[in-house]
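K.L.:
This structure is in structure tokens; I'll ask about it shortly.
FYI, it's all coordinate maths here, none of it is from the lab. This structure is a prediction, so every number in the text was calculated from the model and none was measured. Cβ: placed from backbone, ideal geometry, glycine included. Neighbour counts: every protein chain shown.
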Amino acid sequence: MNNQQLINEYLKSRNISENSKTTYYNNFYRLLNFLKIHNKYILDVDINIIINHLNKLHRRARIPLLLILKLLYIYKHKNINIVDRELKNNKIYMNNQKSLINKNLINNSIKFNDLISILKKTKNNNHYIIFYLLINFNVRNMDLIIKKIDDEAQIKQNENYLYFKNGSLIYHRGNYKTLKKYGIKKQIIKNEKFINIIKSIDNNNYILLNSLNKPYTNNTIQKYIISIGNLYFKNSNLNQSLIYKIILDHYTQKKDLLRLEKIADNRGHNHETQKVYYSTRTRQDLNNLQDIFI
């Protein structure tokens with residue numbers, strides 16, 4: 001078996017999205033290019049030699065290369081102890097660095113009330129849509145790639161939609177990071193300004209379009225969020241992850257457990273500090289909780 005056959009066989013065996021397959025494929029060839037071993041079967045190369053070479057890279061660049069290597073080791077039943085240790089160590093280091101950066105940003109720059117103030121002074125409808133959904137529904141980048149439809153019968157798998165039903169605006173999330181674990185999310189949006197903006201958009205169109213009148217991708221929406229964040233907070237590089245952390249930090253400090261549960265439910269994850277209290281809250285409790293910005 002050669003390297004091309006290895007990656008093709010592995011990707012064929014995985015039940016993952018095409019985007020994930022493309023990412024793994026590209027990272028595999030980045031690994032080969034960096035190691036300069038196209039003519040040698042990578043699983044025959046001593047792992048310590050690979051690690052020594054990868055240590056020349058920035059830790060952030062090492063992680064995806066170590067990950068695809070680990071996955072291939074698992075697939076071919078090779079011992080993963082060394083590569084797994086390296087992967088974990090690099091992730092821990094990067095997470096600590098990221099936490100420190102986020103903490104400094106939260107403590108020294110953008111506050112919760114600053115985020116709320118954006119919604120009172122947005123420069124256009126796109127900005128309002130993005131910040132409203134990020135602040136109130138704690139969504140990620142991909143959740144913002146949304147199509148407006150006029151009938152829920154038009155809904156397809158793995159898509160996000162906005163549509164009106166019985167006078168209510170429904171936000172249907174069928175494509176978000178933890179969908180497989182938490183399932184489709186349907187939430188009612190009550191904000192009058194948001195509703196009026198959506199009413200002004202034609203059916204069967206994406207809610208957010210770029211300068212070429214094309215829908216955003218997961219990557220381009222991220223860049224767009226950062227660019228508009230810098231309009232309101234100069235050089236902040238404000239992104240969805242930081243917005244989420246600012247909101248989470250605010251309600252953690254207030255010890256608002258019900259709001260924290262709502263945020264976790266919106267996000268599609270289970271926050272560690274909420275676990276002990278989660279069973280005491282009903283779905284109705286969470287549904288009845290008002291949006292942060294009405």
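K.L.:
Taking the Cα centre of segment 6-142 as origin and charging only Cβ (+1 Lys, Arg; -1 Asp, Glu), how large is the dipole, in debye to the nearest 20?
P.N.:
Approximately 320 debye in magnitude.
K.L.:
For a label point 7 Å from the Cα of Asn166 along Cα→C-beta, name the residues of segment 183-202 whose backbone N is under 19 Å from it.
P.N.:
Once the point is set 7 Å along Cα→Cβ of Asn166, 185-191 turn out to lie under 19 Å by backbone N, inside segment 183-202.
K.L.:
How long are the three semi-axes of the equivalent ellipsoid of segment 35-86, in whole Å, if each is the root of 5 times an eigenvalue of the C-alpha gyration tensor, listed from largest down?
P.N.:
Numbers: eigenvalues 52, 39, 18 Å².
Listed largest to smallest, the semi-axes of segment 35-86 are 16, 14, 10 Å.
K.L.:
What percent does the relative contact order of segment 3-100 come to when contacts are Cα pairs within less than 8 Å and at least six residues apart?
P.N.:
Numbers: 50 pairs, mean separation 27.4, N = 98.
In percent, rounded to a whole number, it is 28.
K.L.:
Can you find, among Tyr93, Tyr29, Leu54, the residue sitting farthest towards the positive end of the charge dipole of segment 3-100, where Lys and Arg contribute +1 and Asp and Glu -1 at Cβ?
P.N.:
Among Tyr93, Tyr29, Leu54, the one farthest towards the positive end of the dipole of segment 3-100 is Tyr93.
K.L.:
I would also like to ask the following. Any idea what the dipole of segment 225-266 comes to, in debye rounded to 20, about its Cα centre with Lys/Arg Cβ at +1 and Asp/Glu Cβ at -1?
P.N.:
Details: 6 positive and 4 negative charges, 27 e Å.
The dipole magnitude comes to about 120 debye.
K.L.:
Given 5 Å bins starting at zero, what is the percent of C-alpha pairs of segment 66-218 in each, up to the one with the largest pair distance?
P.N.:
1, 8, 13, 15, 15, 12, 11, 9, 8, 5, 2, 0
K.L.:
I would also like to ask the following. For the chain, with a Gaussian network of springs between Cα atoms less than 10 Å apart, report the residue from Val45, Val83, Val139 with the top mean-square fluctuation.
P.N.:
Val45
K.L.:
Out of Leu212, Leu65, Thr178, whose Cα points farthest toward the positive end of the dipole of the chain (charges: +1 Lys, Arg; -1 Asp, Glu; placed on Cβ)?
P.N.:
Working it through, the farthest residue towards the positive pole turns out to be Leu65.
K.L.:
Net charge around Asp44, counting only other residues with Cβ within less than 12 Å of its Cβ (Lys, Arg = +1; Asp, Glu = -1)?
P.N.:
Residues near Asp44 contribute +2 overall.
K.L.:
Can you show me the helix-derived [θ] at 222 nm for the chain, built from DSSP H runs with n ≥ 4 at -39,500 (n - 2.57) apiece and divided by the number of residues, rounded to the nearest 500.
P.N.:
-17000 deg cm²/dmol
K.L.:
If you don't mind, another one. I want to verify a result. In a Gaussian network model of the chain, Cα cutoff 10 Å, which of these has the top mean-square fluctuation: Tyr24, Tyr176, Tyr251?
P.N.:
Highest fluctuation among the options: Tyr24.
K.L.:
Moving to a separate point now. So for the chain, averaging the separation of alpha carbon pairs under 8 Å that are six or more residues apart and normalising by length, what relative contact order in percent results?
P.N.:
That works out to 14 percent.
K.L.:
Okay, moving on. Tell me, what is a quarter of the convex hull surface for the C-alpha atoms of segment 3-100, in nm² with one decimal? It would help to have the intermediate numbers written out before the result.
P.N.:
Values: hull surface 25.7 nm².
Convex hull of Cα atoms, orientation-averaged projection: 6.4 nm².
K.L.:
Take the cross-link list Lys148/Lys214; Lys148/Lys177; Lys186/Lys262; Lys214/Lys234 and give me the ones stretching past 24 Å between alpha-carbons.
P.N.:
Lys214/Lys234
K.L.:
Please give, to one decimal in nm, the separation of the simple spin-label points placed at Ile16 and Asn235, each 7 Å out from Cα toward the Cβ.
P.N.:
About 3.8 nm, to one decimal.
K.L.:
Further, regarding this structure: Can you give the local net charge around Ser227? Use residues other than it whose beta-carbon is closer than 13 angstrom to its beta-carbon, Lys and Arg +1, Asp and Glu -1.
P.N.:
Taking every other residue near Ser227 into account, the sum is +3.
K.L.:
Positive end of the dipole of segment 112-288, charges at C-beta (+1 Lys, Arg; -1 Asp, Glu), about the Cα centre: which of Gln154, Asn166, Val139 has its Cα farthest in that direction?
P.N.:
Highest projection toward the positive end goes to Val139.
K.L.:
Find the percent of Cα-Cα distances in the chain that exceed 35 Å, and round it to a whole number.
P.N.:
More than 35 Å apart: 31 percent of the Cα pairs in the chain.
K.L.:
With +1 assigned to the C-beta of every Lys and Arg and -1 to the C-beta of every Asp and Glu, and no other charges, what is the dipole magnitude of the chain about the Cα centre in debye, to the nearest 20?
P.N.:
The dipole of the chain has a size of about 540 debye.
K.L.:
Something else now. Could you tally the net charge around Ser20, taking each other residue with its Cβ under 14 Å from the Cβ of Ser20, Lys/Arg +1 and Asp/Glu -1?
P.N.:
So the environment of Ser20 carries a net charge of +4.
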